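Notes to accompany the following structure.
Values quoted throughout were computed directly from the atomic coordinates according to the rules given, and no laboratory measurement underlies them. Predicted, not measured: the structure shown is a model, and the values here were computed from it. FYI the Cβ positions are ideal-geometry reconstructions off the backbone, even for glycines, and counts take in every protein chain you see.
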Amino acid sequence: MAIVDSLAAPEISGTYLITASLVSNPSVKDTVNLNVQVPRLVYFGDLIYLPNSDKPFTFFQSDIGIANHPENDYCTPAMGDSLFLAIQDFYDRSASTQGGVPLKLSLNDMSLPWGGAFDYKGNWNVNSEHTFHRIGLAVDINNTGLKVSDPSNPKLTHLTRIGEHLKTSVEKFGGAIYSEPTIHFGFFHHN
């Protein structure tokens, strides 16, 4: 029997082969597979018991996202509940401000099924802009008129009126917007 004093989990989830040997006799060794993953992540779509046609959101990824990570809509149960309430609140609010026509949100990246570094570009850079997606508490929302670029400086963006409504709905249920060019929200609670 071996006891591991400590192990620094890697940023990338998966199954790792761990080999241990005796210091006094390195030829005596054994291996074990170790699963590194964020516990209890769930598929966001499974938390919502509505037919697809009735859901106030859709999933949409870019071609590169689908190619690298086709399963990217996982989150903690608490984050999923908060996100759904925020989306429903926004959907209802948008109907009242858009003349009775509610807006469905287009969700993009959340977390991978096991969590860990989210490398949507396919180069396994653990310091990329998707590092907040590692533990199931973040979501990107495709910009469907929610954010616009500043004409004098395209790198500067600001939320539109309807984007501000989304921000208000997310904040109402425990989320916050991250300062990024994309529309990225994080929720700060675990269960």
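Of note:
- Karplus-derived HN-Hα couplings along the range 27-43 (A = 6.51, B = -1.76, C = 1.60, θ = phi - 60°), whole Hz, x at Gly and Pro: 6, 8, 8, 8, 10, 8, 8, 10, 8, 10, 7, 7, x, 6, 6, 10, 6
- Extension gain from Glu164 to Gln37, taking 0.36 nm per residue of separation minus the Cα-Cα distance: 42.3 nm
- From the alpha carbon centroid of the range 68-118 to that of the range 133-188 is 12 Å.
- Inverse of mean 1/r across different Cα pairs in the range 7-46, Kirkwood, Å: 12.7
- Using a Förster distance of 25 Å, the FRET efficiency for Ser6-Val28 (Cβ separation, nearest 0.05): 0.70
- Amide H contacts under 5 Å for Lys147: Thr160, restricted to partners 5 or more places along the chain or on a different chain, H placed in the peptide plane at 1.01 Å from N.
- Residues whose placed amide H lies under 5 Å from that of Ile12, excluding near-sequence neighbours: Ala117
- Built amide H within the under 5 Å cut-off of Leu103, gap 5+: Ser94, Ala95
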